[in-house]
Structures are given as structure tokens and as C-alpha cells.
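Written below as C-alpha cells is the structure these notes are about.
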Amino acid sequence: VIQSSLDHNDCCHKLLKMNFPEGQEMEICNMILESGMRSTTYLRFYGLVCERMSQLVPTYKESFEKLFVKHYLKIHRYETNRIRNIAKLYGHLLYSDAIDWTVLQCVRLTQEDTTSSSRIFVKIVFQEMAENLGLKKLHERFQDPEDQHCFVGVFPQDTLKNMMFSINFFISIGLGALTDEATKRFEMRVEEEERMRVQEAIKEAEIKALDGSDSSDSSSSESSSDSSSSSGSSEDSDSDGSDSNSSESEHEDEKEQRSREGKQRSGHRSSSADVRRKDDRNYRRRSRSRSSPRGEDRHRR
């Protein structure tokens, strides 16, 4: 049916007239996508068919949105040519609003959450959108507040590393103009973190200063206690030394007093002995003079 159709409108008309049973919409959408992936180059015909069917039947629109998530999660299994074809097809559905842009929420553009195949897929999708919408209009769509929830994973804001990775990714694929707001948020985040680092450094310095003052106070109190104890011990030693010196001086005074008393006694004894000796000598002389006649004559004369 697809190969025999004249154009995309004829193909959609034939497919819708076939009256497929309910629940087969997913299979029909997958069949169209597989046909587009297998072609050697991307054919815009398949994109127009998917766009027309999504606009005519809401069930097909929901099926294409579910298939977008399914294909993205297993994109690493496909060859490069198949990745290019499917990415261009989904890019066509996105810029034509055939599917809702909320499907981009499954894309988390970080180094850990992407592979080389998924990055190729995302690159081709956004390049296809920029080529058909124009970079200015695509930028306006990215800045639309109503669509910001669709780009939470495309421009992550959890860490500076992830923010820088997504910004560099879009710059490398030639769509750096889409990162203006992301770059501003990144710069503000850097300044905020730098301010927080400075505040933390100031707090750490204050804590260290307080710790240093406490240690100095404790050391001064210890030194004062040591000095007081040393002064107390010195006073005790001085008092002991003074007591010992006073006791020694008292002993010396007693010795001097005893020696003086002994000298006085010995002097008194020597003087009394001299007196006695003189008296004895005078007495002897007298007795001799009395006993001799010369003495008597002299005495008489």
C-alpha cells in the first residue's frame, strides 16, 4: 500500500480505509517507521505520512509519541544509517507539531546518561528542527515558559558538570544560540557556589580563630597555675630556708654565749688564783721577817 501510493495523502487515505481493528494503531505506526528506517537515505514522504495520520487520528499521535520513547531507549542497537533516518523522521514530527514536545522529557543530556548513538540521534533531531523552523523561531520556542518542562533533561540544572556538558553539546553541533539562557543560569550558579565557598572559608577561619583563642586561654591558665604553684613552692622553700637559717643562728648565739660565760668563769678563776698567790707570797715574807733577828732588829729600829 505504501509503495504503490502516489503521495503521502494517497497513502494515508488508503491506510485509513483499511479499517484496522482497534489496538492495531501501534503496529501500523511501527510499520511506517520501520519502512522509513530501512531506506538508504531519508525520504520526506514517510515524515509527511506520519504527520498526516497524527493530525487525522489522535490515537496515531499517541502511538508515535510512545514509539519515540521506545526508539530512543534502544537507539544504541541501531546502525548509523537507521539512526539518521529515524532521527530525521521524528524531527519532522516535532517541528510540525504532529507529536507533543513532551516526548523530549525522556532525553537526559549528560555524559553518564547518553551514548554515542543517543547523542547522534539528539543532534540530528535538533538540527532537523532548526533547518525547518529556523534558528530564531526554535530559540523562541525554547524560551517559551509553557514549554520549559519539555527541556528539563535537555538542559539539566542539577550539577555544574551536567550544565556545562549540555551547553558544550549544542555549541559543538552549531546550535549555540539555543544555550543563551542555559549559559546565564550556569554563570549565576558558578557565582553562587563561589560565594558559598567564600562564606564557608570565612566560617572555617572564624572557627579556627576561636579554637586558637580557647587554646591560648587554656595555656595561659595552665602557665598561671604553674607559676602560682612554683611561687608557692619557692615561698615554702624560702620559709624552710629562713627557718633553718634562724635555727642555725640561734645555735651559734648559744655557742657564743656559752663560750663567753666559759671565758668569764676562767678569767674569774685566774684572777682569784693570782690574788691568792700574792697573799701567800706576802704572808711568807712576813713570817720570814719575823723569825729572823735582822728582821726583828729592823722591825725594832
Next item on the list: Sort out which residues of segment 113-127 are surrounded by fewer than 16 Cβ atoms within 10 Å (Cβ to Cβ) and not in a helix (DSSP H, G or I), and write them in order of number.
Entry: Asp113, Thr115
Margin query: Looking at (1) surrounded by 14 or more Cβ atoms within 10 Å (Cβ to Cβ); (2) under 17 Å from Glu128 (Cα atoms); (3) not charged (D, E, K, R), which one does Thr41 not meet, given that it meets all the others?
Written below: (1)
Notebook entry, point to check: Could you say whether any residue in segment 193-209 is open to solvent by 90 Å² or more (accessible area, probe 1.4 Å) and part of a loop (DSSP other than H, G, I, E, B)?
Noted result: no
Next item on the list: Can you run down the residue pairs with Cβ atoms below 6 Å, 6 or more apart or on separate chains, where the first is in segment 134-154 and touching a residue at least 40 places away in the same chain (Cβ under 8 Å) and the partner is open to solvent by less than 70 Å² (accessible area, probe 1.4 Å) and in a loop (DSSP other than H, G, I, E, B)?
Entry: Gly153/Val107; Val154/Val107; Val154/Leu109
Checklist line | Odd one out for Leu89 among (1) closer than 23 Å to Gln148 by Cβ; (2) touching a Phe, Trp or Tyr at 6+ places or on another chain (Cβ under 9 Å); (3) touching a residue at least 40 places away in the same chain (Cβ under 8 Å) | finding: (1)
Next item on the list: Please list, ordered by first then second residue, the pairs with beta carbon atoms under 9 Å, 6 or more apart or interchain, first in segment 3-31 and open to solvent by less than 50 Å² (accessible area, probe 1.4 Å), second of a type in the set (Lys, Arg) and part of a helix (DSSP H, G or I).
Entry: Ser5/Lys14; His8/Arg44; His8/Arg52; Cys11/Arg52; Cys12/Arg52; Cys29/Lys66; Asn30/Lys70
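Rundown of residues vs (1) modelled with pLDDT under 90; (2) of a type outside the set (A, V, I, L, M); (3) open to solvent by 20 Å² or more (accessible area, probe 1.4 Å), yes/no style:
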residue	(1), (2), (3)
Gln111	no, yes, yes
Met129	no, no, no
Glu140	no, yes, yes
Asp144	yes, yes, yes
Ile167	no, no, no
Glu187	no, yes, yes
Next item on the list: Mind listing whichever residues of segment 169-185 are open to solvent by 70 Å² or more (accessible area, probe 1.4 Å), within 17 Å of Val122 (Cα to Cα) and not polar (S, T, N, Q)?
Entry: Ile171
Checklist line | Gly47 being small (Gly, Ala, Ser), farther than 18 Å from Arg141 by Cβ and touching a Gly at 6+ places or on another chain (Cβ under 9 Å) | finding: yes
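Gly91 - would you say it is within 44 Å of the chain's Cα centre (by Cα), more than 28 Å from Thr159 (Cβ to Cβ) and of a type in the set (Gly, Ala, Ser)?
For Gly91, the condition - within 44 Å of the chain's Cα centre (by Cα), more than 28 Å from Thr159 (Cβ to Cβ) and of a type in the set (Gly, Ala, Ser) - is met.
The values are calculated or read from the model by the stated rules, or taken from the named source; none is laboratory data. Keep in mind it's a predicted model, so treat the numbers as computed, not measured. Methodologically, a virtual Cβ is constructed for each residue, glycine included, from the backbone with ideal geometry; neighbour enumeration extends over all protein chains shown. Accessible surface is based on the protein model in full, side chains and every heavy atom, while ligands, DNA and RNA are left aside. Shrake-Rupley method; radii C 1.70, N 1.55, O 1.52, S 1.80 Å.
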